[in-house]
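Engineer: Mind looking over this structure? Questions follow.
The values are calculated or read from the model by the stated rules, or taken from the named source; none is laboratory data. Note that this is a predicted model, so its numbers are computed, not measured. Here the Cβ positions follow ideal geometry from the backbone for every residue, glycine too, while neighbour counts run over all protein chains shown.
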Amino acid sequence: MGETPLQKYSDFPKAGTPSHAGKQSTGQSKNKHASRAKTHDGTIIPDDSNEMWGTDMTKAYTIKDGWGSVFGIVGHFVTDCLGLHAAKLGNRFEALEPVRQGIKDINGPLPGMLP
């Protein structure tokens, strides 16, 4: 008989352990920017509203239409949803729709902007 799924992947890092544990470092980084000082301290909470937004995409399955993409945008100050868009295709144009919604909500429609 073949391996069980647990045996097949038994050499994967266990949950809660760093994926690089036990590996020897060569002292050379593949990242050419590694020597730069970090410009932020890891916090993503801005000082005021509408200074920083975050976007994300996920896939959702529907019985009628199959897989689709769901895009969202949130403000990092109070984590409010500024835009939400679902589409069959997950391309760059569909990804910008929540951004358009957020801009329209904050500033009103811009000249030439579709309703």
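Engineer: Could you list all residues from the range 78-98 that are closer than 16 Å to Ser49 by Cβ, among the hydrophobic types (A, V, I, L, M, F, W, C) and either touching a Phe, Trp or Tyr at 6+ places or on another chain (Cβ under 8 Å) or at pLDDT below 90 (or both)?
Structural biologist: Val78, Leu82
Engineer: May I pose another question? Return the residue satisfying two criteria in turn: it lies in the range 89-115 and is touching a helix residue (DSSP H, G or I) at 6+ places or on another chain (Cβ under 9 Å) and more than 30 Å from Asp47 (Cα to Cα), and of such residues it is surrounded by the fewest Cβ atoms within 10 Å (Cβ to Cβ).
Structural biologist: In this case the residue turns out to be Pro115.
Engineer: I've got another one for you. Does Ser10 satisfy being of a type in the set (Ser, Thr, Tyr), surrounded by 10 or more Cβ atoms within 10 Å (Cβ to Cβ) and either modelled with pLDDT of 90 or more or assigned to a loop (DSSP other than H, G, I, E, B) (or both)?
Structural biologist: The answer is yes for Ser10.
Engineer: I'd like to know if the range 47-58 contains one or more residues that are surrounded by 12 or more Cβ atoms within 10 Å (Cβ to Cβ), more than 15 Å from the chain's Cα centre (by Cα), of a type in the set (A, V, I, L, M) and closer than 21 Å to Pro109 by Cα.
Structural biologist: No - not one qualifying residue is present in the range 47-58.
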